[in-house]
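Here is the structure we will look at.
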Amino acid sequence: MGSKSTKPIPVTDKRTRTLRQKSVMLDNLMLEKSISAEAKMLRIVKEKNREFEDSTMIDACLSRHFFIGNIETKSRNEIIREMSLASVPVNTLVFKQGDIGKYFYIIKSGEVIIENTSFSKKLGPGESFGELALLHEAPRSASCKTTKDCLFYVLERRIFRKIIEHINFINYETNKKFIQSIPILSIIETDQKAILCSNLLRQIFKEGDYIVKQGDKANCLYIIKDGEVDCINKGNHIRTLMKGDYFGEKALLLD
């Protein structure tokens, strides 16, 4: 009894494979070109900041940052230590919209303008820019140009990602221990704990600060890690919440 032979179906033909390889090579070439242009624009004055020069200014800037501001002081010091000082003359294009980012910047002196088709903003000493493209590995969302001679503290993309990954790992492990200490959270499934560990953000409030006000639109569930929180309704003290207590869940559940 003879068997019928079948012709093998190629996974992809040689021409398609060649075109894909050329496309990848072109993308890599464009990536290297945009990154190298940003690197060549900077004149590094001092490699690394091991003496913690301008540490107060840099730390104040990082503390105001929407993402970095939530990390521990030790981790912020690691960022400060790894930053290099660079100079850029006036009227220099630091990077243009669509480029792949190489650096995160904090302005020591001078002024820059950040702009695209929808907005324009000037930044001066003590302000930062350029982190979103590194954080999300996305193209620059706007162009940046110096309007004065500038000195920048810069953090290179590879180091920035390494530090952020380390911070995320520390936060994950810290959150995991914290969740296990909360009775109502310790009973949830392992995969649900993993989601919580990855999404909990640390926020710090000073004594007397309002965390939420009655009538505000709810967007967070709060779990107290340290300290005490007073709950007040129309000026009347209802109760005091302490470590391990949580609030804000009703407004989320009931919209």
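For region 195-226, filtering for residues that are of a type in the set (Ser, Thr, Tyr) and open to solvent by less than 100 Å² (accessible area, probe 1.4 Å) leaves 2. Within region 140-194, being of a type in the set (Gly, Ala, Ser), under 30 Å from residue 249 (Cα atoms) and open to solvent by 60 Å² or more (accessible area, probe 1.4 Å) holds for one residue alone: 181.
Tallying residues that are β-branched (Val, Ile, Thr) and in contact (Cβ under 8 Å) with a residue 40 or more places away in the chain within region 107-134 yields 1.
Scanning region 72-93 for residues that are more than 30 Å from residue 174 (Cα to Cα) and either in contact with a His (Cβ under 9 Å, 6 or more places away or on another chain) or open to solvent by 40 Å² or more (accessible area, probe 1.4 Å) (or both) yields 89, 90, 91, 93.
The number of residues in region 46-67 that are in contact (Cβ under 8 Å) with a residue 40 or more places away in the chain and out of contact with any Gly (no Cβ under 8 Å at 6 or more places or on another chain) comes to 5. Answer yes or no: is there a residue in region 137-160 that is touching an Asp or Glu at 6+ places or on another chain (Cβ under 8 Å) and modelled with pLDDT under 80. There is at least one residue in region 137-160 that is touching an Asp or Glu at 6+ places or on another chain (Cβ under 8 Å) and modelled with pLDDT under 80.
Total residues in region 222-249 satisfying the condition of being part of a loop (DSSP other than H, G, I, E, B) and over 13 Å from residue 178 (Cα atoms): the figure is 6.
Residues that are among the β-branched types (Val, Ile, Thr), open to solvent by 10 Å² or more (accessible area, probe 1.4 Å), at pLDDT 95 or above and more than 19 Å from the chain's Cα centre (by Cα) within region 94-123 comprise just one, 113. Of all residue pairs spaced 6 or more apart or on separate chains, those with beta-carbon atoms under 6 Å, a first member in region 179-205 that is within 21 Å of residue 72 (Cα to Cα) and part of a helix (DSSP H, G or I) and a second member that is among the charged types (D, E, K, R) and open to solvent by less than 100 Å² (accessible area, probe 1.4 Å) are 179/193; 197/176.
Does residue 248 count as touching a Cys at 6+ places or on another chain (Cβ under 7 Å) and open to solvent by less than 50 Å² (accessible area, probe 1.4 Å)? So residue 248 passes the test.
The values are calculated or read from the model by the stated rules, or taken from the named source; none is laboratory data. What you see is a predicted model, and the numbers here were worked out from it, not measured in a lab. Note that each Cβ is placed from the backbone with ideal geometry, even for glycine, and that neighbours are counted across all protein chains shown. Surface accessibility is based on the protein's heavy atoms, side chains included, excluding ligands, DNA and RNA. Shrake-Rupley method; radii C 1.70, N 1.55, O 1.52, S 1.80 Å.
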